Structure formats: structure tokens, C-alpha cells
Amino acid sequence: LTNITVSGNSAEHEGGGVYNDRGEATLTRSIIDGDCGYSANISGGYNIESPGDTCRLDPDGTDLVDVPDPMLGPLQDNRGLTMTHALLPGSPAINRIPAAACEVDTDQRGEPRPETGGTMCDVGAFEVQP
Ligand SMILES: [Ca+2]
């Protein structure tokens, strides 16, 4: 799972964000707003987990875990082919990834990543534009 934003999902018991049943999933440059049920995920770097620490990410590396609030806007039409969660001002996801680690040129909407004139990419599916 690369450059994704998961938010607003739920489960009856656990894994409302991502639930991986005995498999192996790599999360990279993604926002998991919800829990992972302590499933065995691998960090590809620059992830944000909120609010807990159940995705087995790497808080000693580039991941942020147990973030109180990733500061996401509602799922809505922010231009592009699909609905997205915008990053609200002050979100810890904004400009967290150095350009050398961005690896993709556009966000889910097709907007440039990093933003025009910018040097740092945002975590998740959405890149804040000037
Ligand atoms: Ca950016």
C-alpha cells in the first residue's frame, strides 16, 4: 500500500484501518487513520498512524505513530477522478517526505508531487497545492 490515505473505516473488533490476516503487507508513505489490529505490516517508510500504534510501523525511523489527529478534511470532491481527504493546515503529513524519497510525480488527483515550487512531499494520497 503506497501513498494511500485510509480514514473513516471501521470494524466490529479490530483492524478498522487495515486488517492483515496472517499475510504480509508493506505500508509506504501512507496515512492509516484507524487501527491495524496488531497485524504484521512492514514499513516502507514515511507512514503516519493515528491514533494508536497497532500497525507495527517503525517509530524509530521515518514513521510517526500514535499521532493524536492526522488533520484530514472530509472525504469529498477536491478535484480529480475520485473523492479524497485533503490535508488540513498544520497536518503532520504535510511536507514530511524529502524529494528524493517521493518516488511518485502526482497525487491521487493528478496534482504535482511535490507541489509546484515545493521540495517536500506529503504523506498519503493528497498533496497540498499552493
Ligand atoms: Ca508538499
Open item on the list: Please count how many residues of region 100-130 are within 12 Å of the ligand (Cβ to nearest atom) and of a type in the set (D, E, K, R).
Closed with: 6
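Each row is one residue, and each column tells you yes or no for (1) surrounded by fewer than 16 Cβ atoms within 10 Å (Cβ to Cβ); (2) among the small types (Gly, Ala, Ser); (3) closer than 13 Å to PHE126 by Cα.
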site: ILE32; (1), (2), (3): no, no, no
site: ASP35; (1), (2), (3): no, no, no
site: ALA40; (1), (2), (3): yes, yes, no
site: THR62; (1), (2), (3): no, no, no
site: PRO70; (1), (2), (3): no, no, yes
site: ARG79; (1), (2), (3): yes, no, yes
site: ASN95; (1), (2), (3): no, no, yes
site: ALA100; (1), (2), (3): yes, yes, no
Open item on the list: Please verify whether ASP58 is more than 13 Å from GLY124 (Cα to Cα) and buried (at least 18 other Cβ atoms within 10 Å of the Cβ), treating the condition exactly as stated.
Closed with: no
Task: Cross-chain or 6+ apart pairs with Cβ under 7 Å, region 72-99 first and closer than 14 Å to SER7 by Cβ, then aromatic (Phe, Trp, Tyr) and in a loop (DSSP other than H, G, I, E, B) - done: THR84/PHE126; HIS85/PHE126; ALA86/PHE126; LEU87/PHE126
Task: Residue tally, condition touching a residue at least 12 places away in the same chain (Cβ under 8 Å), among the acidic types (Asp, Glu) and over 16 Å from ILE31 (Cβ atoms), over region 104-119 - done: 2
Open item on the list: Condition first: within 16 Å of the ligand (Cβ to nearest atom) and in a loop (DSSP other than H, G, I, E, B). Can you find one or more residues in region 55-65 that meet it?
Closed with: yes
TODO: Among the residues of region 66-100, write down those that are within 16 Å of the chain's Cα centre (by Cα), farther than 18 Å from SER43 by Cβ and in a loop (DSSP other than H, G, I, E, B).
DONE: PRO68, ASP69, MET71, MET83, LEU88, PRO89, GLY90, SER91, ILE94, ASN95
Open item on the list: Tally up the residues in region 85-99 that are over 12 Å from ARG29 (Cα atoms) and either touching a helix residue (DSSP H, G or I) at 6+ places or on another chain (Cβ under 6 Å) or within 11 Å of the ligand (Cβ to nearest atom) (or both), please.
Closed with: 3
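Bear in mind these aren't lab numbers, they're just calculated from the coordinates by the rules spelled out. All values derive from a computational prediction rather than experimental measurement. Backbone-built Cβ (ideal geometry, glycine too); neighbour counts: all protein chains shown.
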